[in-house]
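Computed from the coordinates by the stated procedures, all read-outs in this text should not be read as laboratory data. This is a predicted model, so every value here is computed, not measured. When we count neighbours, we look across all protein chains shown, and the Cβ atoms used for this are built from the backbone with ideal geometry, even at glycine.
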Amino acid sequence: STDIVSEGNLIYMSTIEGSNNLYLMNAVAQIDETKYYTLQEAVDAGNGETINVIGNTTEVINIADNAVIDLNFSEGVTLNGYFAPFKGSLTIKNGTINNENASYSAIEINAGTLVLNDVKVTSKRHGVRIDGAVTATIEGGEYRLSAKSGTRHAVNVSGDANVTIKAG
């Protein structure tokens, strides 16, 4: 059996089958008073809610089609990974996204709305890819490439996208 104890932003887990193992995990996201230990769990639960990203995490985020996701990163918090291509609504405020996977853009949206406020993105592929029937607003932030070869863009816009970029 497994005992799980939550205290503040930490979770303690011990397995009692032959050995006691203690794992210390920091919560990485919070919706109201509920804490989540992966950002994906928070995104799955947070359709239409503001998700406060409170800890660094390394993962790939999948957003369900037509979902409405609002991420508010705490100061200094980083997502090491990327948002898989999606169709929906995504707002990201603050935070840093580092994508080391050259096969995927750090953020790719194929339909819907995208709002980025003061986000720092570094990617081996496109930093932000906006393709198709998308309305996007990018306000402030930094968008950089970490790869030197291949087709790469800090911000890539194609299709019927309507994009507004404002200084921050």
Tell me whether the range 83-102 contains one or more residues that are surrounded by 17 or more Cβ atoms within 10 Å (Cβ to Cβ) and over 27 Å from Tyr37 (Cα atoms).
no
Qualifying positions in the range 126-146 - under 12 Å from Ala106 (Cβ atoms), over 16 Å from the mean Cα position of the chain (by Cα) and part of a loop (DSSP other than H, G, I, E, B)
Ser146
How many residues are over 17 Å from Asn52 (Cα atoms), assigned to a strand (DSSP E or B) and not charged (D, E, K, R) if we restrict to the range 80-109?
10
What are the residues in the range 57-66 that are surrounded by 15 or more Cβ atoms within 10 Å (Cβ to Cβ) and either over 11 Å from the mean Cα position of the chain (by Cα) or more than 17 Å from Phe86 (Cβ to Cβ) (or both), if any?
Thr57
Selection from the range 110-158 of residues surrounded by fewer than 21 Cβ atoms within 10 Å (Cβ to Cβ) and polar (S, T, N, Q) yields Asn110, Thr113, Asn117, Thr122, Thr135, Thr137, Ser146, Ser149, Thr151, Asn156, Ser158
